[in-house]
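*Asks:* One structure, pasted below without further comment.
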Amino acid sequence: MTKLLEIRDLTVSYDHEVILRNANLTINQGDFLGVIGPNGGGKTTFIKALLGLVKPAKGEIVFHIPENRIGYLPQINQIDKRFPITVLDVVRSGKSDHRNFSLFSKNREEIAHAESLLKEMGVLHLRDKAIGELSGGQMQRVFLCRSLMNKPELLILDEPDTFVDNQFESELYDKLKELNERMAIILVSHDVGTISYYVKTIACVNRSLHYHPSNIISTEQLASYNCPLQIITHGEIPHTVLGQHGEHDHKHDHNHGHHH
Ligand SMILES: Nc1ncnc2c1ncn2[C@@H]1O[C@H](COP(=O)(O)OP(=O)(O)OP(=O)(O)O)[C@@H](O)[C@H]1O
Ligand SMILES: [Mg+2]
């Protein structure tokens, strides 16, 4: 297995409050890791530490790929809808492997790449719209294109299902499954019920990190990992998620592509 990055004894604090203590995790090629946990549990902080956006208080992250080969879709809580930038330029702003990036330069190859991503996500027709004119689902698609601009080997998405209706949510996850054939993915979500159908492994983050090497997780395991069940924000919990290991082996079919 090819390692992409290793997290060793990572502790992150804000001011003097420890948000995440002693996390250890290795991300390998082909991984599709779901990160779950309650509000304020430290999921976003963990992701920011991975990306070097917050400095660890202790421990280290060892990168085996160039940092610009990590795509990132940040958690969007609120967007200034008046921000005057077009869809195409949002996507182009994800290009960061050269110092002289400018939205004013007309690099044809780069524009063509941005357009091909918009096309792939079915939103090329929105190319010249202002970002503030889009619906939540359209906006998430555009930000997904942006995170793909550097052809990442690892794609990190922080709650891309916010602002998104159920139909777009499953379209998005199907798309991620397809992208996972080309890149490793870390997907942060509240919705353990939905994502466990798509992810291969799970990390519960609630001030500590518990790695679970399967996409099937029981209520008891969630509790023992310090991840309360109330983290499920909507919908029924699929039976598969809560089955005891071994009890529902036939359901492993759901775990598409886990062992390729
Ligand atoms: N820049 C910051 N400065 C100080 N404290 C912060 C900062 N960012 C986050 N925190 C605190 O760290 C804790 C973890 O926040 P974080 O955003 O990582 O949680 P989360 O699991 O992503 O939550 P959510 O599910 O709501 O997105 C919270 O108590 C939050 O208030
Ligand atoms: Mg968060």
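The values are calculated or read from the model by the stated rules, or taken from the named source; none is laboratory data. These figures come from a predicted structure and were not determined experimentally. Please note: Cβ atoms are built from the backbone with ideal geometry, for glycine as well, and neighbour counts cover all protein chains shown. For accessibility, only protein heavy atoms count, side chains too; no ligands or nucleic acids. Shrake-Rupley method; radii C 1.70, N 1.55, O 1.52, S 1.80 Å.
*Asks:* Report in % the part of the accessible area of segment 71-152 that belongs to carbon and sulfur, leaving out ligands and nucleic acids; probe 1.4 Å. Show your work: numbers first, answer last.
*Replies:* Numbers: 2300 of 4570 Å².
Here it works out to 50 percent.
*Asks:* Distance between the C-alpha centers of segment 1-59 and segment 159-234? Whole Å please.
*Replies:* Measuring centre to centre over Cα atoms gives 16 Å.
*Asks:* Loop-only trypsin sites (Lys or Arg not before Pro) in segment 102-166, please: DSSP not H, G, I, E or B, and at most 10 other Cβ atoms within 10 Å.
*Replies:* Those that pass, being in a loop and sparsely packed, are LYS106.
*Asks:* What length, rounded to one decimal in nm, is gained on full extension from LEU124 through to ILE76, with 0.36 nm per residue of separation minus their alpha-carbon distance?
*Replies:* Details: separation 48, 0.36 × 48 = 17.28 nm, distance 2.15 nm.
Here the segment from LEU124 to ILE76 would lengthen by 15.1 nm.
*Asks:* Continuing with the same structure: I'd like to check one number: the per residue accessible area of segment 71-152, probe 1.4 Å, reported in Å² as a whole number.
*Replies:* Roughly 56 Å² per residue, with all protein chains present.
*Asks:* For ARG69 and MET1 in the same chain, what is the full-extension length gain: residue separation times 0.36 nm, less their Cα-Cα distance, in nm?
*Replies:* Once the chain is fully extended between ARG69 and MET1, it gains 22.7 nm.
*Asks:* Want the number for PHE83 to GLU181: 0.36 nm per residue separation, take away the alpha-carbon distance, what's left?
*Replies:* Values: separation 98, 0.36 × 98 = 35.28 nm, distance 3.45 nm.
Length gained between PHE83 and GLU181: 31.8 nm.
*Asks:* Quick check on segment 71-152: take the gyration tensor over C-alpha atoms, sort the square-rooted eigenvalues as a ≥ b ≥ c, and tell me if it's rounded (a/c under 1.5), prolate or oblate.
*Replies:* It is rounded, given that a/c, with a ≥ b ≥ c, falls under 1.5.
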